[in-house]
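In what follows, a structure is listed as structure tokens, so that the remarks can point back to it.
Throughout, read-outs are computed from the coordinates displayed, never taken from laboratory work. Since this is a predicted model, take the numbers as computed values, not measurements. Note that we place each Cβ from the backbone using ideal geometry, even for glycine, and neighbour counts take in every protein chain shown.
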Amino acid sequence: MMIANLIAAAAALMLTTASVVGGQTKESVESETAPPKLLVLVYQRFSFDKGSDRDKWEIAAARACQELAVPNSWIVLESVTGEPEVLSFDPFDSFAQLEKPVAEWGPIYATHPELGRLQAQINAALASQRTVIAVRRDDLSYRANRIDLSKARFLRVLEVRLHPGRENKFAEAFQNLSAAYEKTESDLPWVVYQVDLGMPSPTFLAFVPMKALGQNDDLLKSRESLDAAEGEAVERMQQIAREAYAGTETNLYSINPEKSHVSKEFAAGDPEFWTPKPQITAKPEGKQSRNSKRTATRPRK
């Protein structure tokens, strides 16, 4: 997430009751590269004329944070389809964990004013912003335990807005879909989150991490296989969609590692992508002066 926005989001959360994730603070911490239990999403759109400057500011801020002990991490996604926007994907284990950034970012800005200036410039370039908090739903996901976010290069994001009171129908549809994918042994997992704050309820978000764009072809083939092998189940899912869904939208995002800030453990999953070594370009050889040429060719005595 863009750094200052996390403080505002977390401060707002302290005034809410998060019954959806009750008890998660006592659960064991999962792998750094697994889909997080709690997801903070920040949708941002920027002024067109600030595009190049904003890129520089975000990269500079992310690099500065690499040298500091900052209290949270974030993955920056840039839209490939849909409206031009930036989506920040911030992992947490619980709502309680959001308290730490509120306490620590103030002192960080105080001791590193240049970082605060970069964040202020990024905020000034904003045209709009929306913060969403969502909770992972393992019962609606497909092989989510096999997802390694450090290997992802793209995220396919499905947003499903339901009519009120239709959550059970949505759960039935996705559980049937997961069972059907198991039968076809698809190796393209997804993880589902239920929106808790920031969007009209009920809303669900399904994320499909992808290593390459070609995996979209695999997804299309899987759909064809399902239609052929699971006719009745597919018809039931389509019926639920007609009755329960108020609207859906699917978009594709690419991951920008330069603007992201991830832990060392996360980056270790694919260091060449997350922490590439700077390329050293050879300096062009300068022209030698006439005197240097004569000196170089003069025979030694």
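In a DSSP loop and with at most 15 other Cβ atoms within 10 Å, the trypsin sites (Lys or Arg not before Pro) in segment 176-265 are Lys211. Derived scalar couplings between HN and Hα for segment 99-111 equal 5, 4, x, 4, 6, 9, 5, x, x, 5, 5, 5, 8 Hz in order, rounded to whole Hz, by the Karplus curve 6.51 cos²θ - 1.76 cosθ + 1.60 (θ = phi - 60°), x for Gly and Pro.
Calculated FRET efficiency, Asp187 to His163, Cβ-Cβ distance, R0 = 35 Å: about 0.55 to the nearest 0.05. Spatially, segment 236-264 and segment 129-165 are offset by 6 Å when compared through their Cα centroids.
Let me make sure I get this right: for segment 79-118, a, b and c are the square roots of the gyration tensor eigenvalues over alpha carbons, sorted descending. Under 1.5 in a/c it's rounded, otherwise prolate if a/b > b/c, else oblate. Which is it? Walk me through the numbers before you get to the answer.
Numbers: a/c = 4.93, a/b = 1.37, b/c = 3.60.
In terms of gyration-tensor shape, oblate.
Residues in segment 57-63 carry Karplus couplings, in order, of 5, 5, 5, 5, 5, 5, 5 Hz; the curve used is 6.51 cos²θ - 1.76 cosθ + 1.60 with θ = phi - 60°, and Gly or Pro positions show x.
In a DSSP loop and with at most 13 other Cβ atoms within 10 Å, the GluC sites (Glu not before Pro) in segment 47-92 are Glu67.
Which of the GluC sites (Glu not before Pro) found in segment 136-237 are loop residues per DSSP with 12 or fewer other Cβ atoms within 10 Å of their Cβ?
Working: sites: Glu159, Glu167, Glu172, Glu182, Glu185, Glu224, Glu230, Glu232, Glu235; in loops: Glu185, Glu230.
Of the GluC sites (Glu not before Pro), the ones in loops of segment 136-237 whose Cβ has at most 12 other Cβ atoms within 10 Å are Glu185.
Ignoring aspartates and glutamates fewer than eight residues from Lys100 along the same chain, the ones with Cα atoms less than 19 angstrom from its Cα are Glu27, Glu30, Glu32, Glu67, Asp90.
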